[in-house]
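**Student:** Here's a structure for you.
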Amino acid sequence: MSAATRTKLLPGDPQLDKADEGRPAGRSNFLVEFWRSDVGKKWLMAVSGLMLMGFVLFHMVGNLKLYLGAEDVNHYGEFLRELLVPILPRTVALWLFRLGLVAAFAVHIAAAASLTKTNRDARKVPYKSERDYIAANFASRTMRMTGIVIALFLLFHLADLTWGRANPDFVRGDVYCNVYYSFSRPWVAIVYILANLALGIHLYHGGWSLFQSLGWNSPRFNPWRRWFAIGFALVVVVPNISFPISVLTEVIGPCP
Amino acid sequence: MTLNSKVPSGPIEDKWETHKFEMKLVAPHNKRRFTIIVVGTGLAGAAAAASLGELGYNVEVFTYHDSPRRAHSIAAQGGINAAKNYKNDGDSVRRLFYDTVKGGDYRSREANVHRLAEVSVDIIDQCVAQGVPFAREYGGLLDNRSFGGAQVSRTFYARGQTGQQLLLGAYQALARQIAAGTCRLHNKSEMLDVVVKDGRAVGIVCRDLLTGEISRHTGHAVVLATGGYSNAFYLSTNAMYCNVTAAWRAHRRGALFANPCFTQIHPTCIPASDEFQSKLTLMSESLRNDGRIWVPKDPDDTRPPDQIPEADRDYYLERRYPAFGNLVPRDVASRAAKREVDNGHGVGPLENGVYLDFSNAISRLGRSAIEEKYGNLFEMYERITDENPYSVPMRIYPAPHYTMGGLWVDYNLMTTVPGLYAAGEANFSDHGANRLGASALMQGLADGYFVLPYTIGDYLAEHLGESLVPTNDPAFDDVESDVIGRVARLVGNKRGTRSPDHYHRRLGKILWDNCGMERSREGLGKALAEIPALHDEFRRDVRILGSDDGLNSSLEKAGRIDDFFQLASLMCRDALDREESCGGHFRVEHQTEDGEALRDDENFSYVAAWEWTGEGAEPALHKEPLVFENVELAQRSYK
Amino acid sequence: MDLTLRIWRQPDAESDGDFHVYAVKGISSDMSFLEMLDVLNEQLIESGEEPVEFDSDCREGICGTCGLVINGVPHGPERATATCQLHMRKFSDGETITVEPWRATAFPVQRDLVVERSPLDRIIEAGGYITAPTGAAPDANEIPVPKEAADAAMDAAACIGCGACVAACPNGAAQLFTAAKIAHLNLLPQGQAERYRRTEAMVDTMEEFFGSCTNHGECEEACPKEISIDFIAMMNRDYIRSKFKNRKRLGQKKVG
């Protein structure tokens, strides 16, 4: 008598096909458990995001020394290499930071990729009519895109100013001149500015979102969370964008 | 048939305690050998299923919703009564008992009501332990309010969503049992018949609403917690799916139907705005605590309400009932509104309402105080009517809301079919001819948490060692073929022209006009002629498109309406038979000089329990005499 | 008013569906949206076409049965309003209205506009309760609950389980639904004993079916009961804590 079959979803239904396979019984290491759970992954994204935010902030502060002149910048660069000497040999502290950053990037990107798959699977049949979003903004809906832009730019940025492969005038250790010569090429300046805008958009959502993911929520400071994100994005992005503009408009003088 | 109410002997305070001791018990290891079917997951059903599962029985739970949490108990707004006396205002079990018997206009069974009042205190404890977020005082203790004209504050509430929170509590308890494996949930399954073998209920037959599959389920006992039948009126405050089918099918299998004409019309609903109105929306009766009800004195007054001066307004409740004023019981308030509208004083575009005015309260207490108390109700009103009740008086009109009648049950909540129980609104037991506000939630949970878990055990203990009737038993075959035949007849009718709703509306109108707030011999006679005729037309002409092997809401509706037709005749029959006025049943022939209900205790102090005698045959009346040993019968007076 | 309706029709769970266009005339602006669909259905039945299946029960915005995506917004254009409480005065004469079912892998369409939502029940079954066997309760006033806490729990408990949060979420996540129940119980003293066990079990079950939260806030906008995403932050925090907490010490009260 029944032609239609009953679609009843139970946990573990293959129809659901989530990114993570079924959870093994029992408790394992809490980091492993974090990784298995979407909420945990978001927590890891927030923590790694905070580390990366710390990095972009200090990176920007360091770069501000461009306005003080070549000597100050290069001195600062040398300071970083000398950090914690003689507790640690030269450049070791810097490398430890770099490793931490690489790990943060890796966790951030891997979690994002895995959650993206999860979220796509959670709505395999999309809406057939046009959605009218109310709260979701441009920033929140383009996190994936801005993230990819930032990651690609990062590779170029490293090739340009750390490894020197993308900068014909590269001189290891001469931070000021490397920056000056790089930004003197207008296309690099434009790429740099666009990437920083992407970073600003990413931070506008991420700088707010991390509070939710970490569960930092209290009526006392909730209204400040959005302002923090806006403030942080501006504090990082505005000075960053000023560097190529200053080079092109010769506010930052030529390489001595 | 003699009706044995099985009320234990002894003083009323001791009856339940004595009975609990005298009932047989089922040992824990034997409980899992019993299967109990629970139909319906409202307050009574979910509470019963969860409690029985907790005890260790195998429980099969059925709901026609996708989730147990959607049962209509969820829509109750006002609160739940309990004789906690937290307010030190003189409340007690005895007072709650007394108020309920009096409020029911002396047509309920004393012993049941007393038990209800006794367990009311346990319900609150239970719900708080489950995490029901009742309103609190600043000190952290529970808050109470006075409700529905009660002279003590015994109503516990969770904003305007008490029913929702209590149901979620019961639903969550049920969910815990589902996870534990003691309860098995069958969602989107509509019970279409009861299987009776050798005079005992042994199972049910259901239709899966998504696939159309007809299935058989066997159990040692069957509990029907399937709600009331206000939707017989078409327009009521009940949810769209509420229906009488489960109870009616049980009735046709031998369960007597008690007091079908005892229906409650709730005074504060939003009037219908057009003929396509699908249902009416109730607004909590608590509004009457601060709102004043009036109509223009001049029937032809077309001025907007704020321009009608005090002198031209008739605050008719305050005028007629100086003591209780706007807080008279529901039946009295409803009839008074009907009288005003019938006399041409109705307000609003369709002249089908009366004003409920808050301007006094707003100027006395301030807008913010009113907003605090009723904000969500005002918002709801504005959403529906597009009028702002802070500046324009609300328009209200009574609407069918609750049915005190239902399957006849004894003190153990067992119907006249052994092994078949009815709980909550589906039974008739506790409210007599009129239910007090905030008592429905109390009764549903009392039945489910604290009565059925004991009384079912008493029945099952006698059937220890008996195995379940297999579902391939001829008893199941017969019932299933009946069900399949009925479904096939409805779907097979390809000559029909009108939708099921069309007939439901027409049935509702006949019932509302003749068996609503006021009933007369003449009107009821007319209805008794019209209903079967319309039923015939319905059977010939209802159009059900699509098939029976998948989701088909027209088919579901048509089956339910078919049963409403049969019930409607019985309601009128019962109303005609009861030559008195009491509670929600008002016969124009029986009223005092100033138009109040006139009871006839000498001749009608009984429960009218009707027996199904076959299609088209006159139902047989059985009487359970009501004996009042603890409450003195008196004319209700609210003057 | 006269309207053009584009309504999703799908014969059963297995078949494909598409939009059908219907004209309805003479609709009163005081009608509710579902009454307008009732009128359409009566027209369809009388013209011999199968009526549009949609789910609705209480029509008072409390049972959570109804739910349609109207012009790209779950529950339609009016804020804090379930579909059944939406009235036609929110639309204009001559408008074309598109109606689609909830879309999520965990909510398969059964027919036309009807979806199956039982995964939400599975989440509650995982731990959305306080273990309080019938009859075992202490006096109701034994445990005082501060009014503010009771009010906050009630705010969360107001959830009607309609699934609009899932339907609205670009990721098909059920975080608002899950968080609301967790917050209702975790905010109350009675809920403390099972707090972390509950949070962990409910989140894990939720993740078997649904997507993850990326903090768009779309759920909060769609919620007919205006449940705040602050509860999601609370859930995240309790979930993370559930991984760290030494539960053997849960009976110890913080002193001082």
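**Student:** How large is log10 of I(q)/I(0) for chain B at q = 0.06 Å⁻¹ when the intensity is taken from the Debye formula with one equal scatterer per alpha-carbon?
**Tutor:** Log10 I(q)/I(0), no solvent term: -0.30.
**Student:** Let me ask another. Pull up all non-local amide H partners of B:Gly203: gap of 5 or more, or a different chain, and H-to-H distance under 5 Å with H placed in the peptide plane.
**Tutor:** B:Val195, B:Gly219
**Student:** For the stretch C:205-220, what does the Karplus curve 6.51 cos²θ - 1.76 cosθ + 1.60, with θ = phi - 60°, yield as ³J(HN,Hα) per residue in whole Hz, taken in order and with x for Gly and Pro?
**Tutor:** 5, 3, 6, 5, 10, 10, x, 10, 7, 10, 6, 6, x, 5, 4, 4
**Student:** Ok, one more. Applying the Karplus parametrisation 6.51 cos²θ - 1.76 cosθ + 1.60 with θ = phi - 60° to the phi angles of the stretch A:91-106, what ³J(HN,Hα) value in whole Hz is obtained for each residue in order, glycine and proline being reported as x?
**Tutor:** Karplus values, whole Hz, x for Gly and Pro: 6, 5, 4, 4, 5, 4, 4, 4, 4, x, 5, 4, 4, 4, 4, 4.
**Student:** Using the Cα centre of the protein assembly as shown as origin and beta-carbon charges of +1 (Lys, Arg) and -1 (Asp, Glu), tell me which of C:Cys63, A:Cys255, B:Leu174 is placed farthest towards the positive end of the dipole.
**Tutor:** A:Cys255
**Student:** Could you please put B:Phe324, B:Phe586, A:Phe228 in sequence from largest to smallest accessible area, using a 1.4 Å probe?
**Tutor:** Largest accessible area first, the list is A:Phe228, B:Phe324, B:Phe586.
**Student:** Sticking with this structure for a sec: Counting other Cβ atoms within 10 Å, keep those with at most 14, restrict to DSSP loop, and tell me which GluC sites (Glu not before Pro) in the stretch B:561-639 are left.
**Tutor:** Answer by residue number: B:Glu579, B:Glu589, B:Glu593, B:Glu615, B:Glu629, B:Glu632.
**Student:** Could you work out the mean projected area of the convex hull around the alpha carbons of the stretch A:136-256, in square nanometres to one decimal? Could you put the intermediate results ahead of the total?
**Tutor:** Details: hull surface 35.6 nm².
Here the figure is 8.9 nm², rounded to one decimal.
**Student:** Let me ask something additional. Name the residue from C:Ala106, A:Ala195, A:Tyr176 whose Cα lies farthest towards the positive end of the charge dipole of the protein assembly as shown, charges +1 on Cβ of Lys and Arg and -1 on Cβ of Asp and Glu.
**Tutor:** After comparing all options, I get A:Tyr176.
**Student:** In peptide B:272-281, how many Cβ atoms from other protein chains are near each Cβ within 10 Å, on average?
**Tutor:** Mean inter-chain Cβ contacts per residue within 10 Å come to 6.
**Student:** Taking the Cα centre of the stretch B:474-598 as origin, work out the dipole magnitude from +1 charges on Lys and Arg Cβ and -1 charges on Asp and Glu Cβ, in debye rounded to 20.
**Tutor:** It works out to roughly 760 debye.
**Student:** How many percent of DSSP beta bridges within chain C run antiparallel, rounded to 5?
**Tutor:** Within chain C, antiparallel bridges account for around 75 percent of the total.
**Student:** Across the stretch A:29-176, how large is the tail of the calculated P(r) beyond 21 Å, expressed as a percent of all Cα pairs?
**Tutor:** Result for the distance tail: 59 percent.
**Student:** Moving to a separate point now. With charges set only on the Cβ (+1 for Lys and Arg, -1 for Asp and Glu), what does the dipole of the stretch B:202-313 come to about its Cα centre, in debye to the nearest 20?
**Tutor:** It works out to roughly 860 debye.
**Student:** Also, I was wondering about something else. With runs of 4+ DSSP H residues as the only contributors, calculate the mean residue ellipticity of the protein assembly as shown at 222 nm using -39,500 (n - 2.57) per run, divided by the residue total and rounded to the nearest 500.
**Tutor:** After summing the helix terms and dividing by residue count, I get -13500 deg cm²/dmol.
**Student:** Next question. Which order do the peptides B:118-130, B:160-172 come out in when sorted by mean C-beta neighbours inside 10 angstrom, highest first?
**Tutor:** Numbers: B:118-130: 24.0, B:160-172: 27.6.
The peptides rank, most packed first, as B:160-172, B:118-130.
**Student:** Also, quick follow-up: Could you check the spin-label model distance between B:Phe21 and C:Ala23? Points 7 Å from the Cα along Cα→Cβ, value in nm.
**Tutor:** Taking the simple label geometry, B:Phe21 and C:Ala23 are separated by 7.9 nm.
**Student:** I would also like to ask the following. Using 1/(1 + (r/R0)^6) with R0 = 51 angstrom and r between the beta carbons of C:Gln192 and A:Ser129, what's the FRET efficiency to the nearest 0.05?
**Tutor:** 0.70
**Student:** Please average, across the residues of B:208-215, the number of beta carbons from any other chain that are within 10 Å of each residue's own beta carbon, and give a whole number.
**Tutor:** Details: counts 4, 2, 12, 10, 4, 6, 2, 1.
Per residue, the number of nearby Cβ atoms from other chains is 5 on average.
**Student:** When a/c is below 1.5 the answer is rounded, else prolate if a/b is larger than b/c, else oblate, so apply that to the stretch B:108-220 with a ≥ b ≥ c taken from the square roots of the Cα gyration tensor eigenvalues.
**Tutor:** Here the stretch B:108-220 falls in the prolate category.
**Student:** Among C:Ala156, B:Tyr106, B:Ser273, pick out the residue whose Cα is farthest towards the positive end of the charge dipole of the protein assembly as shown, where Lys and Arg carry +1 and Asp and Glu carry -1 on C-beta, about the Cα centre.
**Tutor:** Going by the Cα projections, it comes out as C:Ala156.
**Student:** Something else: GluC sites (Glu not before Pro) within the stretch C:10-68: which are DSSP loop residues with at most 12 other Cβ atoms inside 10 Å? Walk me through the intermediate numbers first.
**Tutor:** Working: sites: C:Glu14, C:Glu35, C:Glu42, C:Glu46, C:Glu49, C:Glu53, C:Glu60; in loops: C:Glu14, C:Glu49, C:Glu53, C:Glu60.
Those satisfying the criteria are C:Glu14.
**Student:** Then there's this: Counting only DSSP beta bridges with both residues in chain B, tell me the antiparallel percent, nearest 5.
**Tutor:** About 70 percent, rounded to the nearest 5.
**Student:** Please work out the Cα convex hull volume for the stretch C:3-111 and give it in Å³ per residue. Numbers along the way, then the final one.
**Tutor:** Numbers: hull volume 11.4 nm³, N = 109.
For the stretch C:3-111, the hull spanned by Cα atoms encloses 105 Å³ per residue.
**Student:** Could you give the alpha-carbon Rg of the protein assembly as shown over 2.2 N^0.38 Å, rounded to two decimals?
**Tutor:** 1.04
**Student:** Can you run phi through the Karplus equation (6.51, -1.76, 1.60; θ = phi - 60°) for the stretch B:59-76 and list ³J(HN,Hα) in whole Hz, with x for Gly and Pro?
**Tutor:** Per residue, the Karplus-derived 3J(HN,Hα) values read 10, 9, 10, 10, 9, 8, 7, 6, 9, x, 6, 8, 3, 6, 3, 4, 8, 5 Hz.
**Student:** Also, I was wondering about something else. Among the lysines, which have Cα under 25 Å from the Cα of B:Lys639 when same-chain residues fewer than 8 positions away are ignored?
**Tutor:** Cα-Cα hits under 25 Å: B:Lys102, B:Lys297, B:Lys338.
**Student:** If you don't mind, another one. Highest first, please rank the peptides B:326-335, A:42-51, B:83-92 by the mean number of other Cβ atoms sitting within 10 Å of their residues.
**Tutor:** B:326-335, A:42-51, B:83-92
**Student:** Within the stretch C:101-181, which GluC sites (Glu not before Pro) sit in a loop by DSSP and count at most 14 neighbouring Cβ atoms inside 10 Å? Display every interim value, and only then the final one.
**Tutor:** On the way: sites: C:Glu116, C:Glu125, C:Glu142, C:Glu148; in loops: C:Glu116, C:Glu142.
In loop regions of the stretch C:101-181 (DSSP not H, G, I, E or B), the sparsely surrounded GluC sites (Glu not before Pro) are C:Glu142.
**Student:** In addition: In a Gaussian network model over chain A where Cα atoms closer than 10 Å are linked, find which of A:Leu52, A:Leu84, A:Leu154 has the largest mean-square fluctuation.
**Tutor:** Fluctuation is largest for A:Leu84.
**Student:** Treating only the Cβ atoms of Lys and Arg (+1) and Asp and Glu (-1) as charged, compute the dipole magnitude of chain B about its Cα centre; round to the nearest 20 debye.
**Tutor:** Using only the charged Cβ atoms, the result is roughly 1000 debye.
**Student:** Please state the shape class of the stretch B:522-639: rounded when a/c is under 1.5, otherwise prolate if a/b exceeds b/c and oblate if not, all from the C-alpha gyration tensor.
**Tutor:** prolate
**Student:** A follow-up question, please. Using a 1.4 Å probe, what is the accessible area per residue for the protein assembly as shown, in Å²?
**Tutor:** 37 Å²
**Student:** Would you tell me the mean number of C-beta atoms belonging to other protein chains that fall within 10 Å of each C-beta in C:217-230, as a whole number? Intermediate results must be reported in sequence, preceding the final value.
**Tutor:** Values: counts 9, 7, 2, 2, 4, 2, 0, 0, 1, 0, 0, 2, 3, 5.
Mean inter-chain Cβ contacts per residue within 10 Å come to 3.
The values are calculated or read from the model by the stated rules, or taken from the named source; none is laboratory data. Computed from a prediction, not measured in an experiment: that's the story for all the values here. Neighbour counts are summed over all protein chains in view; Cβ atoms, including those assigned to glycine, are modelled from backbone coordinates with ideal geometry. These accessible areas exclude ligands, DNA and RNA; they are computed on the full protein's heavy atoms, side chains included. Shrake-Rupley method; radii C 1.70, N 1.55, O 1.52, S 1.80 Å.
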